[in-house]
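For reference, the structure is listed below as structure tokens.
What follows is calculated from the coordinates using simple rules that are stated; it is not laboratory data. What you see is a predicted model; the values in this text were computed from it and never measured. As a convention, Cβ positions derive from the backbone with ideal geometry for all residues, glycine included, and neighbour counts pool all protein chains shown.
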Amino acid sequence: MGRTILLLLLLMPLPLLAQDIGGLEVVTVTPDGEGGQTWSLTIQVLVLMTALTLLPSIVLMFTSFTRIIVVLAIMRQAMGTATTPPNQVLIGLALFLTFFIMAPVLQEINEHALQPYLQEDISLEEAIERGREPIHAFMRYQVRERDLAMFASLAGYENGFEEPEDVPFSVLVPAFLTSELKTAFQIGFMIYIPFVIIDLVVASTLMSMGMMMLSPMLVSLPFKLMLFVLVDGWGLVTGTLASSFLTPAFS
């Protein structure tokens, strides 16, 4: 992603690059003392392009994506459908559920950080500070106190924090990811139980009939699909995932 943006910047007309885009000077033109000019990218643009290359990791670390994709993967494994739905479908569903769940957070960032910065009412530093607060609040609402205390102790914060807002991201992020994995496996366990029961019943029936050469997974798959469709499995799973997140009330 970063290479693509850099290539587009290099292909743009040089006079356009020298202009300010949204108050951010993209390229600095400096005379070289020999009648020529030196073109150089500003530090802010380099940082921006680096941040874009880290965008997939940011989606994983700071949003609800991790819990959703883990639960969907466990559900597919429990059904025994191998690669159905395919990975692209699961990732797409997880992304759009993430956008749905994170909508209040994104709206808060847009109203109080992005739009004021684009209108040049606040500086970039203030916009970043305002933008981190909604994300920080969302992660605090999901994290388990035990996980937060463990990583705080490992980081040397034995006395804890006076206010929840004082928790640094270096402590909050690993605690948040650990909590998300725990919650995802708990939800996945509850989803797995009905399918395991069907497998046990089918395996016991085949064994009692002496059909030990027939794979129980092959016979139980239609019953799993039928059960999943009858109980509106997709609606239950997606609804449970969406309601399992606590969204802070923003002012």
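Okay, here's what the table says:
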| quantity | calculated |
| --- | --- |
| Pairwise label distance in nanometres, Thr205 with Tyr192, each label 7 Å out on the Cα-Cβ vector | 2.4 |
| Listed peptides 66-79, 200-213 by packing density, highest first (mean Cβ within 10 Å) | 66-79, 200-213 |
| Stokes-Einstein diffusion coefficient of region 66-122, Kirkwood radius over Cα pairs, 10 °C, 1.306 mPa s, in µm²/s | 118 |
| Estimated distance in nm for a label pair at Ser153 and Leu52, the labels positioned 7 Å out from Cα along Cα-to-Cβ | 4.4 |
| In nm, spacing of pseudo-spin labels at Phe169 and Met212 (7 Å Cα→C-beta vector) | 5.9 |
| Efficiency of FRET between Tyr141 and Met226 - r from beta-carbon atoms, R0 51 angstrom, step 0.05 | 0.85 |
| Distance between region 221-242 and region 177-204 - C-alpha centres, whole angstrom | 13 |
| Of Gly239, Phe228, Val171, farthest towards positive along the dipole that unit charges on Lys, Arg, Asp, Glu beta carbons give region 152-251 | Phe228 |
